[in-house]
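See structure below.
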Amino acid sequence: MQRTSGGAVRKQQQPKNLQNSFKRGRFIFQRQSRSTRKAKGRIKLVYSLRPSVPIQQDVPFYRDFAEVMRQEMSLNLAIAVIRAMSTRCR
């Protein structure tokens, strides 16, 4: 995507508001009607979408969760077992 000197996206590279359009996979098609009654219309490929930049993960949730759980379990497990054993029925 090319940008202007001000940083805005060029006008010819901005997507249009397409009437009668639909998306299949990574392609956007537009139905084009014909004037005859027999023909249902043609389909025209308008845009082909493709990823251009790899997006890195923002939050390493699973790794952080596993690390915190390991730390907290090692610190609090002994205390929790002692507390549970002291309240058991004899």
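For residues that are in contact (Cβ under 8 Å) with a residue 12 or more places away in the chain and at positive phi, tally how many sit in the stretch 3-22.
Here the count works out to 1.
Is it the case that the stretch 44-63 has a residue that's assigned to a strand (DSSP E or B), of a type in the set (Phe, Trp, Tyr) and either without any contact (Cβ under 8 Å) to a residue 12 or more places away in the chain or out of contact with any Cys (no Cβ under 7 Å at 6 or more places or on another chain) (or both)?
Yes, the conditions are met somewhere in the stretch 44-63.
No lab work stands behind these numbers, since they all come straight from the coordinates. On a predicted model such as this, the values are computed, not experimentally measured, just so you know. As a convention, Cβ positions derive from the backbone with ideal geometry for all residues, glycine included, and neighbour counts pool all protein chains shown.
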